[in-house]
1. Among the candidates ASP206, ASP129, ASP211, ASP154, single out the residue that is farther than 17 Å from VAL252 by Cβ, in contact with a Phe, Trp or Tyr (Cβ under 8 Å, 6 or more places away or on another chain) and among the acidic types (Asp, Glu).
2. In the stretch 137-150, is there at least one residue being closer than 27 Å to ASN18 by Cβ, outside any helix (DSSP H, G or I) and touching a Lys or Arg at 6+ places or on another chain (Cβ under 6 Å)?
3. Of the residues PHE190, PHE239, which single one is of a type in the set (Phe, Trp, Tyr) and more than 18 Å from LEU114 (Cα to Cα)?
4. Residues being under 25 Å from the mean Cα position of the chain (by Cα) and free of Cβ contacts under 8 Å to residues at least 12 places away in the same chain: count how many of those fall in the stretch 179-205.
5. Of everything in the stretch 12-29, what is loosely packed, with under 13 Cβ neighbours inside 10 Å and under 29 Å from GLY200 (Cα atoms)? Give them in sequence order.
6. Of LYS115, LYS97, which residue is in contact (Cβ under 8 Å) with a residue 60 or more places away in the chain, in a loop (DSSP other than H, G, I, E, B) and of a type outside the set (Val, Ile, Thr)?
7. State the number of residues belonging to the stretch 355-388 that are free of Cβ contacts under 8 Å to residues at least 60 places away in the same chain, assigned to a helix (DSSP H, G or I) and over 26 Å from ALA233 (Cβ atoms).
8. Out of the helices (runs of 4 or more DSSP H) lying entirely within the stretch 268-329, which hold 2 or more residues that are of a type in the set (Gly, Ala, Ser)?
Amino acid sequence: MRTSRQIINKTEQYGAANYKPKEVVIARADGVMVYNPEGEEFYDMLSAYSALNFGHLHPEITAAAREQLDRVTLTSRAFHNAVLCDFYETLCALTGKEMALPMNTGAEAVETALKTARRWGAFTKGIEDGRQEIIVCENNFHGRTITIVTMSTDKAARRGFGPFTPGFVKIPFGDAKALENAITPNTAAFLVEPIQGEVGVIVPPDGYLKDVREICGRNNILFIADEVQTGFARTGDMFACQHEGVEPDIYVLGKALGGGILPVSAVTANRDILGLFEPGSHGSTFGGNPLASAVALKAMEILVRDDYPRQAAEKGAYFMDKLRQIRNGDILEVRGRGLLIGVEFKKSAAGYVKKLIENGVLAKETHENTVRFAPPIVITYEQLDRALEKIKKAFEKNL
């Protein structure tokens, strides 16, 4: 049996160093629990950045994948497959939209939304092609492509990757007046995360999304919600925008849509928006493949049947209440919504993450000073209590 150290050494020898993982090797997983090659167990409190809302290897989702594996896995979009139509219908019903466009990764879905907005701006709003503008927020995280890092304010994400894509305007997050002031006749859309996860679980002021919806509608620009991380019940609503009772023009979806099995992403919108695509204007060989569609169908069925939004809301309130009871002078704030939670420290959180791992809890610092907790929504209260004992042990003393 290879040890964790041997696996890490080999990974670092052959792999490009675009990530710096914590020194934990996950060799086996089940639900909320993961295990290293030596058999040590850990509570997964990160959920692959919300891709594992269902936990690891949910038996119904893996069964759906196995069943589809014995039928057909890939046809390309040169031909129809027997599952994609059902995926379309279910996802449209869940999001309240008329059409869907499937891709694979979250970044691909964001790129699709950007192309959609630019085409709508030119073909529907009448902006001169090549002059379309899209407004985004500072400290966003939408992915890692050249165009997407153009929108970023993270210097590490941009260094050495220029020249960048024109047509983006950056404003502060949570500031509706800044959005209003940034709009010009060439503005096609506003792209925003309902909660900024990667920068430290930043929740906008109450009423912000309602203001955004009103401003976008009044100025004839598209409201695009990047719900890749916040969607599919993570924040206590099926989609985080629903917390304020608003509906974006375009949903950008991914992560949990793949049920923790494989990458599945999509954009949904009404026909007057997504109907602007024609054959050859956009595509993906693997987007909408039958295996992905089967997995996503089962994931969406479970989300609704087992009322994942209610579970996330109730367990998240319980979890945050217990976290706020931990006494540590280094803790500045516990914040979040549902089971997307950030614990911000006065100093670098890396030392506290190390203590968490030593105590059998997997989490990761984000934006240097914040520990993000996003356990699988299937976590039980008993598991939460046991994990909280370990978290308290890691957090109860100042570093």
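Throughout, read-outs are computed from the coordinates displayed, never taken from laboratory work. Predicted model, so just to flag it, every value in this text is computed and none were measured. Cβ atoms come from the backbone with ideal geometry, glycine included; neighbour counts cover every protein chain shown.
1. On the way: ASP206 fails: in contact with a Phe, Trp or Tyr (Cβ under 8 Å, 6 or more places away or on another chain); ASP129 fails: in contact with a Phe, Trp or Tyr (Cβ under 8 Å, 6 or more places away or on another chain); ASP211 fails: in contact with a Phe, Trp or Tyr (Cβ under 8 Å, 6 or more places away or on another chain).
Residue meeting the stated conditions: ASP154.
2. Narrowing the stretch 137-150 to residues closer than 27 Å to ASN18 by Cβ: 137-150.
Now narrow it down to the ones that are outside any helix (DSSP H, G or I): 137-145.
Of the ones still in play, those that are also touching a Lys or Arg at 6+ places or on another chain (Cβ under 6 Å) are 138.
Yes, there is a match, as at least one residue in the stretch 137-150 is closer than 27 Å to ASN18 by Cβ, outside any helix (DSSP H, G or I) and touching a Lys or Arg at 6+ places or on another chain (Cβ under 6 Å).
3. Working: PHE190 fails: more than 18 Å from LEU114 (Cα to Cα).
Of PHE190, PHE239, the one residue that is of a type in the set (Phe, Trp, Tyr) and more than 18 Å from LEU114 (Cα to Cα) is PHE239.
4. To start, the set of residues in the stretch 179-205 that are under 25 Å from the mean Cα position of the chain (by Cα) comprises 179, 188-205.
Okay, now just the ones that are also free of Cβ contacts under 8 Å to residues at least 12 places away in the same chain, so none.
Residues flagged as under 25 Å from the mean Cα position of the chain (by Cα) and free of Cβ contacts under 8 Å to residues at least 12 places away in the same chain within the stretch 179-205 amount to 0.
5. If we filter the stretch 12-29 for residues that are loosely packed, with under 13 Cβ neighbours inside 10 Å, which is where we start, we get 12-21, 23.
Result: GLU12, GLY15, ALA16, ALA17, ASN18, TYR19, LYS20, PRO21, GLU23.
6. Numbers: LYS115 fails: in a loop (DSSP other than H, G, I, E, B).
Result: LYS97 is the single residue among LYS115, LYS97 that is in contact (Cβ under 8 Å) with a residue 60 or more places away in the chain, in a loop (DSSP other than H, G, I, E, B) and of a type outside the set (Val, Ile, Thr).
7. Of the residues in the stretch 355-388, 2 are free of Cβ contacts under 8 Å to residues at least 60 places away in the same chain, assigned to a helix (DSSP H, G or I) and over 26 Å from ALA233 (Cβ atoms).
8. Values: elements: 271-274, 290-305, 308-324.
Once the helices (runs of 4 or more DSSP H) in the stretch 268-329 are filtered for at least 2 residues that are of a type in the set (Gly, Ala, Ser), what remains is 290-305, 308-324.
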